[in-house]
Every structure is written in C-alpha cells, then in structure tokens.
Protein chains: 2
Amino acid sequence: MASPGSGFWSFGSEDGSGDPENPGTARAWCQVAQKFTGGIGNKLCALLYGDAEKPAESGGSQPQRATSRKAACACNQKPCSCPKAEVNYAFLHATDLLPACDGERPTLAFLQEVMDILLQYVVKSFDRSTKVIDFHYPNELLQEYNWELADQPQNLEEILMHCQTTLKYAIKTGHPRYFNQLSTGLDMVGLAADWLTSTANTNMFTYEIAPVFVLLEYVTLKKMREIIGWPGGSGDGIFSPGGAISNMYAMLIARFKMFPEVKEKGMAAVPRLIAFTSEHSHFSLKKGAAALGIGTDSVILIKCDERGKMIPSDLERRILEAKQKGFVPFLVSATAGTTVYGAFDPLLAVADICKKYKIWMHVDAAWGGGLLMSRKHKWKLSGVERANSVTWNPHKMMGVPLQCSALLVREEGLMQSCNQMHASYLFQQDKHYDLSYDTGDKALQCGRHVDVFKLWLMWRAKGTTGFEAHIDKCLELAEYLYNIIKNREGYEMVFDGKPQHTNVCFWYVPPSLRVLDNDEERLSRLSKVAPVIKARMMEHGTTMVSYQPLGDKVNFFRMVISNPAATHQDIDFLIEEIERLGQDL
Amino acid sequence: MASPGSGFWSFGSEDGSGDPENPGTARAWCQVAQKFTGGIGNKLCALLYGDAEKPAESGGSQPQRATSRKAACACNQKPCSCPKAEVNYAFLHATDLLPACDGERPTLAFLQEVMDILLQYVVKSFDRSTKVIDFHYPNELLQEYNWELADQPQNLEEILMHCQTTLKYAIKTGHPRYFNQLSTGLDMVGLAADWLTSTANTNMFTYEIAPVFVLLEYVTLKKMREIIGWPGGSGDGIFSPGGAISNMYAMLIARFKMFPEVKEKGMAAVPRLIAFTSEHSHFSLKKGAAALGIGTDSVILIKCDERGKMIPSDLERRILEAKQKGFVPFLVSATAGTTVYGAFDPLLAVADICKKYKIWMHVDAAWGGGLLMSRKHKWKLSGVERANSVTWNPHKMMGVPLQCSALLVREEGLMQSCNQMHASYLFQQDKHYDLSYDTGDKALQCGRHVDVFKLWLMWRAKGTTGFEAHIDKCLELAEYLYNIIKNREGYEMVFDGKPQHTNVCFWYVPPSLRVLDNDEERLSRLSKVAPVIKARMMEHGTTMVSYQPLGDKVNFFRMVISNPAATHQDIDFLIEEIERLGQDL
C-alpha cells in the first residue's frame, strides 16, 4: 500500500532499488522507452524522471505537484518535441491537447497523469489508515484557495493540481468506514464502466447515436422486470436521474393511465386526485406531487407500525375517507426499504387493497430493490410482482456508481403515450432502422445521460450471484452490529427486533445520561449527543454515519451498510469510535 | 497515429525497434520493472509482454483481445503472485479487485488496461481516417453478441472485451466529421474531469459529502449569472439533468412565484395558467406543461418570422386573447438559439411585453447560451439580462461532456421555497457547519449527479477567452459553409441570410430533380433525398448530419457545428460527401 502523500508511481522508496540518487538509471531507461510508439515512451519517461524526485508530504495546504516535475526540458516548445524530454505541464495548455495538431503525445501523457492521480485516490479510498474525510468548513475552503473563474487559461500543471486538491477534500465514499448514505462503496468494474461512458460521451435519446447503450438498456430493464416477477419480463421502463425522478414518473404515469386527458387539459380537467404513502416514505413523493400540480395536501401519509411499516387497515380507512369526500385515489406508493428504518411495507396486503379500489400500486424500492437479488432476503418484497410500477436504484444497495436509478412499469407503451411529443428533429419517422429503438420520447428529459452501462458491466462481472453475495454480506454485517449493541451498555435501539434491511437505528447514551430519569431534560440532552459525535467524527475524519430525528424520536444514529468493503472489524471500529468520541458528553 | 485495430501501446511496430521477435528483451525489462512499487512493475510487464504479440486486426466480429495475452503465467492463483508474471485477466474476476485482500495489484493493472482501451478510442475519435460510425441494424447487433445478463460472473478478460466491443459500435461523437447533434466534440480536460467525478462518486445534496463540488457549483453558477448580466451575479440556480428539466424548473418556479399555494393545493386552487413560446421552440416546454398538470393545450405557440424568430406582436396579441378569456398568462419562454434554425428570439421586445403584463420571462438558451462567452456574438442575446430565468447548457455549444445543463434564476431563495420538503435525515438543522451550503432541498431530485466539475475545470483550463475562441471558430465555420452553398448548384437554403448560430439549413437537390417544376411531385421526391443520403452516410460511416421536416418545409439538412475539432476541410468533405451519396437520387 502506498503511503499517503507519496508519489503513487514512485519507485525505489521501499526496497532501496531503483536508485533515486542516480538519475542516470532513469535516463538510460528513458532512452530505451523512447523507442516505443503510441506515447508510452513519453509516459515511461515521465514516470521515471518525474517521481525520482519524490513530492513532499502535502501538509494540509495546496498539494505539492510542481516540484515533482523539476527535471523538465527547457525548450518551451508546445508541445515539446525534444526526443528524450519529459512532459512539462507548466508549459502546456488545453489548446495543446487533441484535437490540436501534434496533440496526441501531450494528450496521452496528460490523461495518463490524471489517471495516476485517480488510481492513487482509488487505492487510498480502501486504505483504513487514511481518513474518510479531511474536513474543512466552507469559509476555510473558500479562503484557502482561489476557485474563481477567469478570462485567461491556466496551464496543465495547474489543472493537475486542481484535480489533486479536489480529491484531497473529497469524501472517500468508497472507504470501508464510510456509512453515511445509502450509496457507498466504489466498485472497480462500475468505475471502469463509468469512465468508458464519459469517453463515449453520447446521449440515450436515439439508437442512431447510442446503439449499444440503447440495446443494453433494453436488456437490463427486461432482466430487472423478470426479477420483479412480471411474466416474461414484459413491460416498460427507463433509467432516470435518481429515485425522486423515478417516483415522479410513477405518479405521472399513474395519473395519465386514469385520466389521459390530463396531458392536454391539465389538472383542471380532472377531479381531485389523492396519493397515499406511509409516514416513513421518502419525501420525493410530496416533491413530485407539488411539481405535478397535484399538491402536497393530496398526499395522504398512512400510519406505520413501530417497525416503520405501513398499516394496511389505516390505508384502507384513508382511501374510503377520500372517496367519501368525492376525491379520486389514484396512487398508492408502498415503500420497500424506508430511508431511515429500512422497513418493508406489507406489499401483498397493499396489493389487495389497490386491486379492490382499482388504484395504481407503485413500489418505491429505491433502497430495498437490491434485496430482490438475494434468494435469502427477497421474500421481504413479496407482492412487488403485483405492482404497476417499481423504483429500483442500483446505485444504492447494489453499489453501482452514481447515478443509476430505474423506473420499471408493468404496462408497455404507457410511458410513451404519456410523455411523447413527436419532435421531428430527433424522431424522424423515415429513418432506415427499426424505430422502436428510438426510446427517447418516453422520457421527460430530452438528452439523457447513459446510466445503464455501469450496471450492465458490473452485472456481467459479478453475475446475479455476485450481487447476491454482496447483499447477503451487507445484511449479515447489519445483523452483527445489531447483535453487538442490542444488549450493550449505553445503547438503546430505536425499534426492537432484527433489522430487515441494513439500517440499524440506535441511540448512544453517554455515561452522564445513563443515570438520569427518562424525562424532558434527558431527551433534550440525548438529542444533542449524535450531532456532537458526528461533528467530531468528521473533524477526526475517522468514520461517518448519519443521524436524524424522526417523529417523536430525538436524534439517533442510522447506520447503513451498502459497501462490500466493510468488515466486522469496521463495525467494531465504529462502535469504539462512537464511545471514544461520545463518552464525555 | 496508431493504426486502427493495432494494440495502442504496442511497440516496435513502426520503427523496427523493440524487437517483437525476441521476447527476451521484454523479459529483461520486466525483471527490472518488478522493482517498482505501486503496481507499475506489473503494468510495465503487462505492456511489455502483452503487446509483443500484436492482436490481429478485428474484422467486424468480436474484437480480438484474448490473443493479446498469450504469454500468461499458468499458475492459476488469484491474484497471481508469481514475481515476474504478467496479469492474465482470464484468471481474474471482479472479486479479485479491490476491496479484496491483495486486490491492489490486479486493480491497478485492470484499470490501466481499461484506460488503454479508452485512450485508444480517444485517439481514434480525432482521426479522420477512422469511421464516425460502424453502423449495424439493431437485430444485427442483438444477434451478433450475447448481451444477456446471467447468474454467473464473467472473467476480467471478457469484461475488457465488452469494453472494446461497446466502443467498437459507439458513435464517435468527438470525430471532426460528426455534426449530428447540438452536443459534439470530446474535450480532453472535460473528459479528465468527468473521470475524476466518477471516481469521487458522490452526490450534490449536502456540503457534508460533496464539499468542493458544492462550492464549485456556487462559484460557477455565480459566474454564469454575471455573464448573463444580473447585478453582482446575484440570484440562484442549479445544474439539472438536461435542458428539458431546466425548462421544467423554470415553469415550476414561475408558477410558484405567482401562486405559492399551488405547492400544497395543486392546480385545482389556481386559475387556468397559460404559457407562451414560439412555434420553433423546443418540445420540452410542452412536455413540462404536461407533467406539471398545466396541460399542453395551455402552451400557446407564437408565430415566427421566416428566420424562425418569435414575432412580438403575435405574442402580445395572444396574451391579450388569453386574458380576455379569463386565463392567466404566467410564463413566456423565449428561445435563444432554436433547435433547428438556430434563431434568436428578440429578447428585448419580449422583455418589454413581459414587463407590461407582469409575466415571468424565461429564456431557453440551452443551445445559444454559449454565445454569451463571445464578445463578437453575445449581442444576439441582448435582453437576456431582463429574464427571470435562463436555461443554459454548457454541454452543447461549449463542448462540456454530457450532461451539463444549468438553470439560472434571478430571484434568490425562490427555488428553495418552491421545492423544499425539509427531509430531516439529510438536512439536519443542528449540523456543525453553515447550512446554506446544503443546497439539495432546492432540487426536484434527491440525489443529484455532480455535473459541475467538468465545466469548472474546463473553464480554468480554457479561460473565458478559450470558450470565446471556440465559439467564434464554430460560428466562422458555419458562415464558411453558408458561403459555399448559398450559390452552389444543387443547393437551396431553407431561409435566407447569414446564419445567426451555427445552424445551416439547406436542401440538396440531386441533378434529376433540378429540371422538375416546383410542384407536389418534386416536393415529394425532395423529401426523400435527405433520409436516403443520411442512411448512406451512416452505412459508409464517413460523416453524420441531421435532417428533419419543419412546418411546411419537407426534409432538409440541419448542419450544426459545436466541435472545435472541425476545420474548413471537414466542411468541404461534408459537401463532397452529400454530393457523392446523393447525385444518383
């Protein structure tokens, strides 16, 4: 493992070989290397020279990059064509890169240099001896650097420095001790696929300009529908920019299915529509209702049991109540894996109610959908096959890089009817290929980022069984955590029983609070514990875990595990760290 | 320039050195290379061995990768730890990569291998001797490969092959002769920045997990507002997933500004709202109106002049008409750079009308916004400073990799009021830093991809003057094209006069049609010319340009130039190619 701050491609530093005292060795190599074609010679020389002079440990200020390129040739030609010279980025600008004439060599060297910075970050991300976060307050970061945009260009040396600086202050979301969000981890195949996606730099709207990606979207969505349990994987779907938009799509399509005239006439032409979702559901349902002109007052929050699951009898009661008022229930959004508790609504009971009252059943499985990949855990989503639509974010539990969210729809063609506008400049009807692959008109977006390739490539690399192993491991880790703390002194569980997802919700009660009565003062003091511990975690940079209040529960920790890099030891570490940082409170 | 199909990092192929006949040379190198730390030894060995055996030219079928790794060690250990062995990807799986124990070496080798594939693609993208597209019909691609997802994992050799196959059929959107969309080109700094973004793998909702990116969004949006001309760059904004969503945001915020109760009460609580935009405007305005419950019937399309510019007197007439009916005009969306003609609506006249009738003025400058970077061309957007909101997509004219679209809003705080839902699990009010940097609640999305970094880094690398040079060059090329064809035999312009943007719209009239009267039969035959030429272009793979009908104009070519790689010779080539492929029609 490379030590933090050292040149990653450095040599001779650990075993004494490579002779950093004797640049002549490097020079000899370099001469041979120049015989290689395709830029590799340049790259080798940069490696050999550049890092022979190791950069100093960067101590909190601007990372030292300039010093690592001291042995530059001094010709000042752009691009430097000296036969054995290394690349000196301080003399190069973006205009020297491709498509510039003679831009190939500097381009390859520059991109390789960036890649080295990225590889160094990747390795550090998994290194428990590095910090999860090098925290600075906003005003500190704003004052420490000049981030402003100017008229004049900067040279590539400065651009490389910006890359290093940006990563220096980045949160290592792939770190085994980063538990802060539902999306954690850094999958190497997914990362490679995302790099490829950036390089292909295209748009999902037509087969014409994204043939392979369009086909992969077709194949992948079909597979996801098969796993949901729709016969033959039939139906429709789209990769959308996140679960909130996927949920909004569901609401939009459900409304259109019941009242297609809403597309032309707007909400004025339809009765008052009511959507139902649990009080623990994701806030995006309300956001969507506000945007779609339905209004947040028309989203009825159904009561949950103590584990955070929607209570079906309350759902039925509220549906009847709405109907009595003359309103039209049009959507029930059940949650499979709530954000805070990780609860799974009883989908079979919800499906029965939706069938009885002819209401569109949506399942927000943004967080819980991954469990469908596990033979051991998929029973928690029993009934999902009866849904009309499902949100499923592979960027959460399945560890696909951000963003990758799918909205799956049971009825084929509905998305197209709902959203199409027949733009003749994109969806020409006299093209020479099968137009059913021009899927862009079913989207709300016009241009659409390619989000499918990273999921598809990871799926090929892991197989369904690989995702299953990943999911099972994360759930086992959550159970391990639960078993440690459920009877441990100083911990109180927010709800009883084994976690159904990887969410483990608990209070840490510092010694000074353990002796207090369970009154207002204790609650008030307890509510301040998690924020202080979290702030200390960030300042120390050792780990990160989220906290929040919910309903009448004061601030508690919500531990989630979606990163396959985490181990039992990391869970132990988290507990020790909470106690270390919180015992004096 | 590496020849297509050869190993990019190959050596000895062009100048006879490197001795591919004598693997002993490579082996000697490799032994030395193994002294390097950090995985570079491995990489060097892979380079030296792997490509000594050059892969055969891949002739339309599965790219030959497996053959390039013949000299593998045969130990079959995972990962192979033989001191001098190269990496044999056929023995490695995703589970051997980080975070696997001992995963560092194979990870670095694998990612470097992917990078080599990407670099090869980058170089080919700019090489005029390679095809823009290797076209296959959907059923051909589906039959030629097995794209299906299976239970079992594939090895990394296969994964690398998928990367090659995917790129083999990708459209080279950075190719100097790719003119098909408004988004073309492949900027090297932007690409590097997008790779970094993927590697950082985080989410824009809070400062907590994206400190630098949140600050860069703040800095960049402010700079864009300054350029628009709002005093001190004040106001608000967001990077959204594309221009369609940015336009939808504008409509959403305009509605909220006039009727804030719509958020809770929905459209039922407000009078009938009417939006106005030109008949040449982007279809996303109607899509947004359909989604927001306003209805497409409430989007009034204003007449354009023969150049595609909105006619202000018609706008005023339609506003008065709507008011007379008791409807409420709430938004005018003027277009700065229409999709097909590249027309700029008269913003000052539109602003006067919006002011007179107290209507929200939105400017959809998704395509034309880039011209604000040019002192020579920004007058075309005069009046944009009077808008209440502006859509501006740097991923179009400014060449930023997809996606990068900004919605700028003049009034600060409105987006937050309109969209916020106060999710307590994300936007905790007792965090230890300045919460004004937790900007996620103003978005419709919850998780949001980092789209700002590539724009910010390109801006640093090019400076505003670099963007200006890019824009001026593309507009000069469009004028060059216009000057060539305006009087050339066989060409008819769709509208008269110099192009205002890079859009040049024209018919190519094959010799057989030139003798016909201008009657129905000629129009019918002319309408089939562009689709046939386009299909032939794609089959030959030499260039790509879009076509469409518009109003009563039959199919015509719409040439657009946003790629700084294009030259006068590429424009000449396009003309020659249209004539070569179309002269027999």
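Laboratory data are not the source of any read-out in this text; all were calculated from the coordinates shown. It should be emphasised that the depicted structure is a prediction, and the values quoted were computed from it without experimental measurement. Every residue, glycine among them, receives a Cβ derived from its backbone with ideal geometry; neighbour counts consider all protein chains shown.
Rounded to the nearest 10 degrees, the angle from helix A:312-324 to the longest Cα principal axis of chain A is 70 degrees. Relative contact order, percent, of segment A:489-530 when contacts are C-alpha pairs under 8 Å separated by at least 6 residues? Here the relative contact order equals 38 percent. Note on residue A:540/residue B:411: beta-carbon distance plugged into 1/(1 + (r/R0)^6) with R0 of 30 Å gives a FRET efficiency of 0.15. With the highest mean first, a sort of the peptides A:260-267, B:576-583 on other beta-carbon atoms found within 10 angstrom per residue produces A:260-267, B:576-583. Taken about its Cα centre, the protein assembly as shown carries a charge dipole of about 2280 debye when Lys and Arg each add +1 at the Cβ and Asp and Glu each add -1 at the Cβ.
Kindly identify segment A:206-357 as rounded, prolate or oblate by the Cα gyration tensor criterion: order the square roots of the eigenvalues as a ≥ b ≥ c, call it rounded if a/c is under 1.5, otherwise compare a/b with b/c, prolate if a/b is larger, else oblate. Here segment A:206-357 falls in the oblate category.
Mind running the shape call on chain B? Use the C-alpha gyration tensor, a ≥ b ≥ c as the square roots of the eigenvalues: rounded below 1.5 for a/c, prolate if a/b tops b/c, oblate otherwise. Since a/c reaches 1.5 but b/c is at least a/b, the shape of chain B is classed as oblate.
As an exercise, use a Förster radius of 51 Å and the Cβ-Cβ distance of residue B:323 and residue A:234 to find the FRET efficiency, rounded to the nearest 0.05.
My answer for the efficiency is 0.55.
Calculated mean residue ellipticity at 222 nm for the protein assembly as shown: -12000 deg cm²/dmol, from DSSP H runs with n ≥ 4 weighted as -39500 (n - 2.57), summed, divided by the residue count and rounded to 500.
Calculated FRET efficiency, residue B:517 to residue B:569, Cβ-Cβ distance, R0 = 25 Å: about 0.10 to the nearest 0.05. Residues A:209, B:484, ranked from the fewest to the most other C-beta atoms within 10 Å, line up as B:484, A:209.
Here the relative contact order of segment B:341-411, from alpha carbon pairs under 8 Å that lie six or more residues apart, stands at 31 percent. With all pairs of different C-alpha atoms in the average, the Kirkwood value for the hydrodynamic radius of the protein assembly as shown is 30.8 Å.
Projected onto their three principal axes, the Cα atoms of segment A:144-197 cover extents of 40, 29, 16 Å, largest first. Computed on the Cα trace of segment B:369-479, the radius of gyration divided by the Kirkwood hydrodynamic radius gives Rg/Rh = 1.06.
For segment B:267-376, the set of GluC sites (Glu not before Pro) satisfying both a DSSP loop assignment and a count of at most 16 other C-beta atoms within 10 Å is given as B:279, B:306.
With the simple spin-label model, which puts each label point 7 Å out from Cα in the Cβ direction, the residue A:432 to residue B:355 separation comes to 5.3 nm.
Scoring B:349-355, B:446-452 by mean Cβ neighbours within 10 Å over their residues and listing the highest first yields B:446-452, B:349-355. Length available on full extension from residue A:269 to residue A:472: 0.36 nm per residue minus the Cα-Cα distance, which gives 68.2 nm.
For a paramagnetic label modelled on residue B:487 (point 7 Å from Cα along Cα→Cβ), amide N atoms under 16 Å away belong, within segment B:497-537, to B:497-498. Nearest-to-axis residue in chain B, judged by Cβ distance to the rotation axis that brings B onto A and given in whole Å, is B:293, 1.
I want to make sure I understand the PRE zone here: with the label point 7 angstrom from the Cα of residue B:279 toward its beta carbon, which residues in segment B:333-354 have backbone N atoms less than 18 Å away? Once the point is set 7 Å along Cα→Cβ of residue B:279, B:333-335, B:338-346 turn out to lie under 18 Å by backbone N, inside segment B:333-354. Summing +1 for each Lys or Arg and -1 for each Asp or Glu among the other residues whose beta-carbon sits under 12 angstrom from that of residue B:385 gives +3.
Measuring nothing but how far apart in sequence close Cα pairs (under 8 Å, 6+ apart) lie, relative to its length, chain A scores a relative contact order of 15 percent.
Among the trypsin sites (Lys or Arg not before Pro) found in segment B:117-180, not one is both in a DSSP coil and sparsely packed, with 13 or fewer other Cβ atoms within 10 Å of its Cβ.
Between residue B:525 and residue B:301, residue separation times 0.36 nm minus the direct Cα-Cα distance comes to 77.6 nm. Scaled to the globular estimate 2.2 N^0.38 Å, the Cα spread of segment B:353-402, given as radius of gyration, is 1.26. Electrostatic bookkeeping for residue A:247 treats Lys and Arg as +1 and Asp and Glu as -1; over the other residues with beta carbon under 15 Å from its beta carbon, the sum is +3. The protection proxy used here, the mean number of other Cβ atoms lying within 10 Å of each residue, ranks peptides B:270-277, B:433-440, B:223-230 as follows, highest first: B:270-277, B:223-230, B:433-440.
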